[in-house]
Structure formats: structure tokens, C-alpha cells
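The values are calculated or read from the model by the stated rules, or taken from the named source; none is laboratory data. As the structure is a computational prediction, the values presented were derived from the model and not from experiment. Note that we place each Cβ from the backbone using ideal geometry, even for glycine, and neighbour counts take in every protein chain shown.
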Amino acid sequence: MTAPGTTVDARGARWGRTVLRASLVFLAFGGVYGGIAMLADPSGGSLGMDTVLPSLPVSDYVLPGLFLLTAMGVLPLVLAYGLWAGRRAPATVRLGRFGTWHWAWLGSVALGVVLVAWLLTQGLLIGFRWPIQYVTAANAAAILGAAFTAPVRRSYRAER
């Protein structure tokens, strides 16, 4: 086990932070692309998803497109920037027991959980038919895995 503050620990934190930020940016590209595609063609035909629309609780892809664009597109970019810049938003400094964590780290963990829930919902409603679902699952694992490594957790722990 490596003591906090050692060179190996610093390299592990740097590598883990890079993986976390890169995974968020990768998610953002997919979210923006998918969201725009769904909004541009709410029938889902351009994505080859028009056949599964009857299995969904929506009449078109407008709401899923808005969700992808904002929650899986714009939000990951904001979080990646927050992790990179290291800024603390005053409104999130004290969140009860979660107040000891950097706002962007906490948001990244929450987004990873939402991404897993999104994939589970997809699996229940339409199954796993497309390769992008497996890529997204791997990306969710990368986000959560990198966020929860000890050096990354230590580096995003806020000062009291």
C-alpha cells in the first residue's frame, strides 16, 4: 500500500483523474450526438431505432433526445471542466455529509449512477441490441471505477 503524498500516489491520482475526465468527455460526445440526432429526427429512423419506439413509454424521441443532450452531453462537459479546473461552487461546499467532496467529483459519481440506471432501463424496455450500449456500459464502469480509486478520492476531497 502506498502512503498518501508519495510519488506513486501522485501518479495514480493524475492517471485516475485523466481517465475520469476523458470518460466524461467521451460520454459528452455521445450524448450530444445522440441527443441532436433524436431531436432532428424524433421518429428514430435516422438512428435505426424507429422499430423500438412502440416498446417505449414515449410517443417520439424528443424527451430522450433532450435527456441525452443535457444530462449525457452538456453535464459531463461541465463536470470534466470542474474536475480539471478544480473550482468549488459555493452552493455545493456544504452538502451535509457530502460536503467534504469536490462538487464535480460528487457530480461525476452521481452521473455514473444515473448512467447505469439509464442502461438498466434501456435493457428492460428494449434489450441490449446495439454495440453503443456496451460501449456506454464500459464508459459508466470507467467513470465510477476511476472516481472511486483511492488516489482520485483523496485528490478531490475538499478541505474543511
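Residues that are outside any loop (DSSP other than H, G, I, E, B) and under 16 Å from GLN133 (Cα atoms) within the range 45-54 comprise just one, LEU47.
Considered as a group, the residues in the range 141-156 that are at pLDDT 95 or above and part of a helix (DSSP H, G or I) include one that is surrounded by the most Cβ atoms within 10 Å (Cβ to Cβ), and that residue is ILE143. Looking only at the range 142-157, decide whether some residue is under 27 Å from LEU63 (Cα atoms), within 11 Å of the chain's Cα centre (by Cα) and of a type outside the set (Gly, Ala, Ser). Looking through the range 142-157, at least one residue is under 27 Å from LEU63 (Cα atoms), within 11 Å of the chain's Cα centre (by Cα) and of a type outside the set (Gly, Ala, Ser).
Taken as a whole, the condition of being modelled with pLDDT of 90 or more, outside any loop (DSSP other than H, G, I, E, B) and aromatic (Phe, Trp, Tyr) applies to PHE29. So which residues in the range 109-135 are touching a helix residue (DSSP H, G or I) at 6+ places or on another chain (Cβ under 6 Å) and within 29 Å of GLY44 (Cβ to Cβ), if there are any at all? Of everything in the range 109-135, those that are touching a helix residue (DSSP H, G or I) at 6+ places or on another chain (Cβ under 6 Å) and within 29 Å of GLY44 (Cβ to Cβ) turn out to be GLY112, LEU115, VAL116, LEU119, LEU125, ILE126.
Here ALA138 does not fit the description of being surrounded by fewer than 17 Cβ atoms within 10 Å (Cβ to Cβ), of a type in the set (A, V, I, L, M, F, W, C), within 10 Å of the chain's Cα centre (by Cα) and under 18 Å from ARG21 (Cβ atoms). With outside any helix (DSSP H, G or I), out of contact with any His (no Cβ under 6 Å at 6 or more places or on another chain) and either within 23 Å of ALA140 (Cα to Cα) or modelled with pLDDT of 95 or more (or both) as the only criterion, which of PRO57, PRO4, PRO64, PRO42 stands out? Just one listed residue meets the conditions, PRO42. Looking for something touching a helix residue (DSSP H, G or I) at 6+ places or on another chain (Cβ under 8 Å) and on the phi > 0 side of the Ramachandran plot - is there at least one such residue anywhere in the range 56-64? No, because not a single residue in the range 56-64 is touching a helix residue (DSSP H, G or I) at 6+ places or on another chain (Cβ under 8 Å) and on the phi > 0 side of the Ramachandran plot.
Tallying residues that are of a type outside the set (A, V, I, L, M), without any contact (Cβ under 8 Å) to a residue 12 or more places away in the chain and assigned to a helix (DSSP H, G or I) within the range 114-140 yields 5. Pull up the range 99-134, narrow it to residues that are in contact with a Phe, Trp or Tyr (Cβ under 9 Å, 6 or more places away or on another chain) and surrounded by fewer than 13 Cβ atoms within 10 Å (Cβ to Cβ), then point me to the one that is farthest from GLY30 (Cα to Cα). The residue in question is PHE128.
Tell me which residues, restricted to the range 114-135, are among the hydrophobic types (A, V, I, L, M, F, W, C), under 17 Å from the mean Cα position of the chain (by Cα) and under 20 Å from PRO57 (Cα atoms). Correct list: VAL114, LEU115, VAL116, ALA117, TRP118, LEU119, LEU120.
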